[in-house]
1. How large are Rg and Dmax for region 19-99 when calculated on the C-alpha trace, in angstrom?
2. Per residue of region 65-81, in order, report the coupling 6.51 cos²θ - 1.76 cosθ + 1.60 (Karplus, θ = phi - 60°) as ³J(HN,Hα) in whole Hz, putting x for Gly and Pro.
3. Under a no-solvent Debye model with one identical scatterer per Cα of region 12-166, what's log10 I(q)/I(0) at q = 0.09, 0.12, 0.17, 0.20 Å⁻¹?
4. Which percent, nearest 5, of DSSP beta bridges in the chain are antiparallel?
5. May I ask for log10 I(q)/I(0) of region 101-259 at q = 0.17, 0.20 Å⁻¹, from a Debye sum over the Cα atoms as equal point scatterers with solvent left out?
6. Under the classification rounded if a/c is under 1.5, otherwise prolate if a/b is larger than b/c and oblate if not, where does region 245-332 fall, given a ≥ b ≥ c as square roots of the Cα gyration tensor eigenvalues?
7. Given the protein chains as shown and a 1.4 Å probe, how many square angstrom of residue 267 are accessible, to the nearest 10?
8. Once amide H atoms are built 1.01 Å from N in the peptide plane, which residues 5 or more positions from residue 400, or in another chain, come under 5 Å H to H?
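The values are calculated or read from the model by the stated rules, or taken from the named source; none is laboratory data. Bear in mind that the values here come from a model prediction, so they are computed numbers and not experimental data. Don't worry about glycine lacking a Cβ; one is built from the backbone with ideal geometry, like all the others, and counts go over all protein chains shown. When the accessible area is computed, the model is the full protein with side chains, heavy atoms only, and any ligands, DNA or RNA have been set aside. Shrake-Rupley method; radii C 1.70, N 1.55, O 1.52, S 1.80 Å.
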Amino acid sequence: MTTAPPDALDPRQAALDALARLTDVAPSGVWSSPGRVNLIGEHTDYNDGFVLPLAIPHRTVAAVAPNDGGVLRVASTFADEPVSIALADLGDLFPQSRERISEWARYPLGVAWALQEAAPCAAAAHATGLDIAIASNVPVGAGLSSSAAIEGAVAVALNDLWQLGLDRPALARVGRRAENEAVGAPTGIMDQMASILGAADAAILLDCRSLEVEIVDLGFDAAGLTLLVMDTRVQHSHASGGYGERRASCEAGAAALGVASLRDLDVADLEGAERALDDVTFRRVRHVVTENRRVLDTVRMLRSNGPRSIGDLLLASHASMRDDFEISVPELDAAVDAAVDAGAIGARMTGGGFGGAAIALVDRDRVAEVTDAVRRAFAERGFAAPTIFPVPAADGARRES
């Protein structure tokens, strides 16, 4: 049988409880934002390419109350102590002095800083001290974008409370800036857009150059299909070296080929790229170029032939990430192979790589069979037991109360 993700608490109640420990002031409200699964399109976002993510039901919640001290005080269920900083000091903290505070606190406080930068006049008029308590049931380090869920929840809360008037794409850009500059993780904008703009029963086709969004009906439920997340429990971090190295390699490849970004290349350009680049850089480039094509092909197949037609594209994406981009790990490969051997229509790792989760598209009546097969494969290899659970597409960031 499938299982819920680790620490499957009620994040809304947990956030309210954490806020009550922080202050006796009644909350102004509760806001939330989901994690995301990327159906296909990995490491294409920061190359101005195409991605096809969907928001998932697991959410991060921010419960917020006012304070009269002119400070932002943040607490969470995954940290022992709250972190406090004066609103006036955010500009001194970020980005140059971010190491002064713990990494988890850089996410919410970085969002506050980026919001002030994005809407300085409104922030100057309306920004007030706040106590913010955060709780989440999005698995951390699983490649399900727990970081963007924090950013989204805090961004929509402060946008409301500070009367900033920013639209959803602007809030996504705020989240990306916080992650890039306040946290120091060189991610693209896919995670934030998916978390803030997600729609039930649909994926988001995002053009990461223009930020144009199309809602793509998935049709999984009507086709009798379930999307499973297989969390390997091998944790990763976007702020670690591997992610940044891949991004630098893509930028070097684009520069050597004389294009602004790898988005400007098509599959037909790869023959010339292979002659111009060293082997490693070429394979990084090939992954991004072919992955962009796979995203567009997946959308086309969903619309013309339905979800049962996309399995080979998912598998080709995983092979490209494993062999060309070299961001898979043995646990991810084992999950993908075991799921497919047990009858999954398709499977691939999802997220930034170096750990995290894989996904499998499975017939509803074969979910238990696939789950058992993946667990057996992990046990036979001596890996820690994976956590496996279904993820229907969910709505994006919102005010809960």
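1. 17.4, 47
2. For region 65-81, the Karplus curve yields 10, x, 9, 9, x, x, 10, 9, 10, 10, 9, 8, 6, 10, 9, 6, 10 Hz.
3. Debye curve over Cα of region 12-166, log10 I(q)/I(0) at q = 0.09, 0.12, 0.17, 0.20 Å⁻¹: -0.29, -0.51, -1.00, -1.29.
4. Of those bridges, close to 90 percent are antiparallel.
5. So the normalised log intensities are -1.13, -1.36.
6. oblate
7. 70
8. 30, 31, 32
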